[in-house]
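> Structure incoming, see below.
The values are calculated or read from the model by the stated rules, or taken from the named source; none is laboratory data. Quick caveat: nothing in here was measured; it's all calculated off a predicted structure. Counting neighbours? That spans all protein chains shown, and the Cβs are built from the backbone with ideal geometry, glycine included.
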Amino acid sequence: MPSMWLNISSSPFLLTGFPGLEKAHHLISLPLLMAYISILLGNGTLLFLIKDDHNLHEPMYYFLGMLAATDLGVTLTTMPTVLSVLWLNHREIGHGACFSQAYFIHTLSIVESGVLLAMAYDRFIAIRNPLRYTTILTDTKVIKIGIGVVMRAGLSIMPIIIRLHWFPYCRSHVLSHAFCLHQDVIKLACADITFNRLYPVVVVFAMVLLDFLIIFFSYVLILKTVMGIASTDERAKALNTCVSHICCILVFYVTVVGLTFIHRFGKNVPHVVHITMSYIYFLFPPFMNPVIYSIKTKQIQSGLLRLFSLPCSKT
């Protein structure tokens, strides 16, 4: 039996596009390609602006740059295999490549949650303690926060991905998406996967859910501070600096909750709905984040106008 497992385990995994819609894969790929291009252009432009425009060399925009880089990372991690499946029907992926892709996908999801938490901390300091904002959030502090966010995510995901290399795979090698996810791979393992089932739940509760709760209570305190501002104009200005971040939080966590509910309670839902929700989760936040900040942040608008050499009206 072990030798048979070894032979089967060495077989590559098979990625899946949209089951039953194989003839429409080329057509389906068009909106996905447009979304990918928009994400690359939107987040790439944000990163360029933040690097090039000295007016954006502030902690708030450094964290926004981290968010844009994370969104680019998610897109560049999933895009090659998705387009390969839909365009070329190239479904095979080696174990090493699959596990690496799963590692980066899950790591970057936790990084995004951590960056949103860091952005909430930035707004908390800016509104609750504005006079000490620049002394508290120095460039060094921002770098340390960024490194901490990445290390937290990378180290937390590593145990379950390492264990994937140890498992024998003696069942069907067909995965349910056009990219590798940990929860898909462990279904194919012929071994005790109890740890790999329970550990991700602990990670979600200990990190993603905790991040959300801290963000929520941060905004409760921010709102309390803003309501204490006497001037209506100053109050509106303070709230306006938080609107973009709140929108990004809602976009991210609503898609997380939606995907979780579909996977947990949607056993009778057609598989294509599960796949579509996965694409929404991976594409919608990276697509919307630069749009939100471009619409709601005057400094970003001014930077875009300067970038494209358009006259910028003073406001």
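So that you can scan it fast, the table gives a plain yes or no per residue for (1) of a type in the set (Ser, Thr, Tyr); (2) modelled with pLDDT under 95; (3) within 30 Å of ILE186 (Cα to Cα):
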{"position": "SER3", "(1), (2), (3)": "yes, yes, yes"}
{"position": "LEU6", "(1), (2), (3)": "no, yes, yes"}
{"position": "SER9", "(1), (2), (3)": "yes, yes, yes"}
{"position": "PRO12", "(1), (2), (3)": "no, yes, yes"}
{"position": "LEU15", "(1), (2), (3)": "no, no, yes"}
{"position": "GLU22", "(1), (2), (3)": "no, yes, yes"}
{"position": "ILE28", "(1), (2), (3)": "no, yes, yes"}
{"position": "LEU41", "(1), (2), (3)": "no, no, no"}
{"position": "LEU49", "(1), (2), (3)": "no, yes, no"}
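> On to the next question. Got at least one residue in the range 173-193 being in a helix (DSSP H, G or I), polar (S, T, N, Q) and farther than 30 Å from LEU21 by Cβ?
No, there is no match, as no residue in the range 173-193 is in a helix (DSSP H, G or I), polar (S, T, N, Q) and farther than 30 Å from LEU21 by Cβ.
> Output the residue which, of all residues in the range 88-121 that are among the β-branched types (Val, Ile, Thr) and part of a helix (DSSP H, G or I), is nearest to SER176 (Cα to Cα).
ILE105
> Something else now. Hey, could you check the range 231-245 for residues that are hydrophobic (A, V, I, L, M, F, W, C) and in contact with a helix residue (DSSP H, G or I) (Cβ under 7 Å, 6 or more places away or on another chain) and say which is surrounded by the fewest Cβ atoms within 10 Å (Cβ to Cβ)?
VAL243
> Condition (residue is assigned to a helix (DSSP H, G or I) and within 19 Å of LEU72 (Cα to Cα)) applied to the range 163-171: is it met by at least one residue?
First pass over the range 163-171, keeping only residues assigned to a helix (DSSP H, G or I): 163-164.
Subsequent filtering for residues that are within 19 Å of LEU72 (Cα to Cα) retains none.
No - not one qualifying residue is present in the range 163-171.
> Given the criteria free of Cβ contacts under 8 Å to residues at least 40 places away in the same chain, among the basic types (Lys, Arg) and part of a helix (DSSP H, G or I), does ARG152 qualify? Give the derivation first.
Working: free of Cβ contacts under 8 Å to residues at least 40 places away in the same chain: no; among the basic types (Lys, Arg): yes; part of a helix (DSSP H, G or I): yes.
Spelling it out, it is not the case that ARG152 is free of Cβ contacts under 8 Å to residues at least 40 places away in the same chain, among the basic types (Lys, Arg) and part of a helix (DSSP H, G or I).
> Take the range 251-277 and flag every residue that is closer than 25 Å to PRO19 by Cα and under 12 Å from the mean Cα position of the chain (by Cα).
THR255, VAL256
> Please identify the pairs in which a residue from the range 190-214 that is under 24 Å from HIS173 (Cβ atoms) has its Cβ atom under 7 Å from the Cβ atom of a residue that is not hydrophobic (A, V, I, L, M, F, W, C), counting only partners at least 6 apart or on another chain.
Pairs found: CYS190/PRO168; CYS190/TYR169; CYS190/ARG171; ALA191/PRO168; PHE195/ARG163; ASN196/ARG163; TYR199/PRO159; PRO200/HIS182.
> Name every residue in the range 225-250 that is of a type in the set (Val, Ile, Thr) and under 16 Å from the mean Cα position of the chain (by Cα), in order of residue number. Show your work before the answer.
Residues of the range 225-250 that are of a type in the set (Val, Ile, Thr), as a first pass: 225-226, 229, 232, 241, 243, 246, 249.
Passing the criteria: ILE246, ILE249.
> I need a count of the residues in the range 45-60 that are surrounded by 15 or more Cβ atoms within 10 Å (Cβ to Cβ) and closer than 19 Å to PHE308 by Cβ.
Going through the range 45-60, the residues surrounded by 15 or more Cβ atoms within 10 Å (Cβ to Cβ) turn out to be 45-47, 49-50, 53, 56, 58-60.
Add one more test, that the residue is closer than 19 Å to PHE308 by Cβ, and what stays is 45-47, 49-50, 53, 56.
Residues in the range 45-60 being surrounded by 15 or more Cβ atoms within 10 Å (Cβ to Cβ) and closer than 19 Å to PHE308 by Cβ: 7 in total.
> Can you tell me how many residues within the range 296-315 are in a helix (DSSP H, G or I) and either at pLDDT 95 or above or within 14 Å of THR45 (Cα to Cα) (or both)?
The initial filter retains those residues of the range 296-315 that are in a helix (DSSP H, G or I), namely 296, 298-307.
Next, from what is left, pick out any that are either at pLDDT 95 or above or within 14 Å of THR45 (Cα to Cα) (or both): 299-307.
Of the residues in the range 296-315, 9 are in a helix (DSSP H, G or I) and either at pLDDT 95 or above or within 14 Å of THR45 (Cα to Cα) (or both).
> Filter the range 142-166 down to residues that are closer than 19 Å to ASP211 by Cα and among the basic types (Lys, Arg) and give me whichever is surrounded by the most Cβ atoms within 10 Å (Cβ to Cβ).
Only one residue fits best here, namely ARG152.
Rundown of residues vs (1) surrounded by 12 or more Cβ atoms within 10 Å (Cβ to Cβ); (2) closer than 29 Å to LEU32 by Cβ, yes/no style:
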{"site": "ASP192", "(1), (2)": "no, no"}
{"site": "PRO200", "(1), (2)": "yes, yes"}
{"site": "ASP211", "(1), (2)": "yes, yes"}
{"site": "TYR219", "(1), (2)": "yes, no"}
{"site": "LEU223", "(1), (2)": "yes, no"}
{"site": "ILE229", "(1), (2)": "yes, no"}
{"site": "THR255", "(1), (2)": "yes, yes"}
{"site": "ILE262", "(1), (2)": "yes, yes"}
{"site": "SER278", "(1), (2)": "yes, yes"}
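> Can you pull out the residues in the range 202-224 that are within 19 Å of MET60 (Cα to Cα) and more than 24 Å from the chain's Cα centre (by Cα)?
LEU221, ILE222, LEU223
> Here is a further query. Looking at the range 225-242, I want the residues that are part of a loop (DSSP other than H, G, I, E, B) and have a partner that is aliphatic (A, V, I, L, M) with Cβ atoms under 9 Å, at least 6 apart or on another chain. Which pairs are those?
Hits for this filter: ILE229/ALA238.
> Now for a separate question. Looking for whichever is modelled with pLDDT of 80 or more and among the small types (Gly, Ala, Ser) here; the options are GLY258, GLY266. Which one fits? Working first, answer last.
Values: GLY266 fails: modelled with pLDDT of 80 or more.
Result: GLY258 is the single residue among GLY258, GLY266 that is modelled with pLDDT of 80 or more and among the small types (Gly, Ala, Ser).
> Determine whether VAL269 is assigned to a helix (DSSP H, G or I) and aliphatic (A, V, I, L, M). Working first, answer last.
Details: assigned to a helix (DSSP H, G or I): no; aliphatic (A, V, I, L, M): yes.
No; evaluated as a whole, the condition is false for this residue.
> Tell me which residues, restricted to the range 255-290, are farther than 17 Å from VAL115 by Cβ and of a type in the set (A, V, I, L, M). Quick ask: steps written out before the conclusion?
Taking the range 255-290 first, the residues farther than 17 Å from VAL115 by Cβ are 257-280, 283.
Within the range 255-290, VAL257, LEU259, ILE262, VAL269, VAL272, VAL273, ILE275, MET277, ILE280, LEU283 qualify.
> If you don't mind, there's one more thing I want to ask. Would you mind telling me which numbered condition in (1) within 22 Å of the chain's Cα centre (by Cα); (2) over 30 Å from TYR199 (Cβ atoms) THR107 fails?
Result: THR107 fails condition (2) only.
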